[in-house]
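To start, the structure itself, in structure tokens.
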Amino acid sequence: MSTTEDIVKLRKRTNCGMMDCKNALEACNGDLDKATEWLREKGMAKAAKKADRIAAEGLVTSYIHMGGKIGVLLEVNCETDFASKSDRFSQLCKDISMHIAAANPTYVRREEVPAADLEHEKEVLKAQALNEGKPAAIVEKMIDGRLKKFYEESCLMEQPFVKNPDQTITDLINEAVLTIGEKITVRRFVRYEMGEGLEKRVDNFAEEVMNQAKGIAK
């Protein structure tokens with residue numbers, strides 16, 4: 001089990017985010033040295049050092065699924081115009097756009113979830129746990145665990161990448177940071193699905209995109 005003190009120590013060592021440090025310590029049974037290496041192997045420690053730099057260049061890119069049923073507009077920022085014109089950066093933007101089309105995230109990162117939406121989700125999860133007959137004493141811990149699942153489903157940066165579910169979108173971006181050598185930030189996206197909100201025959205276009213993305217990855 002990781003303690004808050006250990007998480008803070010690891011954050012000071014690596015400059016990584018608190019959640020990344022917590023996950024590293026849990027993966028390494030609380031061993032600070034192993035957790036530091038774990039973060040370095042994933043590229044997070046080096047990528048985090050660039051986190052305070054300014055990223056005001058980049059691309060607005062688009063992805064239209066076959067047949068025009070789903071479309072995505074995405075803004076990804078980097079530090080220089082030179083990097084934004086690189087093949088590696090363009091491929092990253094393309095991969096993230098396709099992922100958004102398939103996985104349909106609601107937010108870029110968990111910090112963007114409105115407080116009212118988060119409180120509503122907590123109330124729903126609490127009611128579910130109590131209806132399952134769980135003891136009140138452990139309900140709060142269960143809510144924390146289920147909120148993690150909520151973030152993984154709703155927040156782009158925490159979703160498993162559709163072409164490689166073993167890595168998250170954060171991992172994918174950190175890999176690109178190591179290759180390109182610049183801070184990279186997903187700023188915003190808009191996803192359109194044809195007929196969304198209208199009464200119509202149900203077609204799972206997102207599943208089509210997901211299958212296509214997995215096929216490309218093979």
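What residue, among those in region 174-197 that are assigned to a loop (DSSP other than H, G, I, E, B) and at pLDDT 75 or above, is surrounded by the most Cβ atoms within 10 Å (Cβ to Cβ)?
Ranking the qualifying residues of region 174-197, first place goes to Ile184.
Restrict the check to region 33-47 and report whether at least one residue is within 16 Å of the chain's Cα centre (by Cα), within 18 Å of Pro160 (Cα to Cα) and at pLDDT 95 or above.
No, there is no match, as no residue in region 33-47 is within 16 Å of the chain's Cα centre (by Cα), within 18 Å of Pro160 (Cα to Cα) and at pLDDT 95 or above.
Can you name the residue in region 5-29 that is more than 20 Å from Met157 (Cβ to Cβ) and out of contact with any Ser or Thr (no Cβ under 8 Å at 6 or more places or on another chain) and is also surrounded by the fewest Cβ atoms within 10 Å (Cβ to Cβ) among such residues?
Applying the filter and picking the extreme gives Glu5.
Filter region 1-15 for residues that are modelled with pLDDT of 80 or more and in contact with a Leu (Cβ under 9 Å, 6 or more places away or on another chain) and give the result.
Answer for region 1-15, where residues must be modelled with pLDDT of 80 or more and in contact with a Leu (Cβ under 9 Å, 6 or more places away or on another chain): Thr3, Asp6, Ile7, Lys9, Leu10.
Does any residue in region 88-115 that is under 16 Å from Gln212 (Cα atoms) and modelled with pLDDT under 95 come within less than 9 Å, Cβ to Cβ, of a residue that is surrounded by 23 or more Cβ atoms within 10 Å (Cβ to Cβ) and acidic (Asp, Glu) six or more places away or on a different chain, and which pairs are these?
Listed by first residue and then by second, the contacts come to nothing, as the list is empty.
The values are calculated or read from the model by the stated rules, or taken from the named source; none is laboratory data. In this text, all values refer to a predicted model and were calculated from it rather than measured experimentally. When we count neighbours, we look across all protein chains shown, and the Cβ atoms used for this are built from the backbone with ideal geometry, even at glycine.
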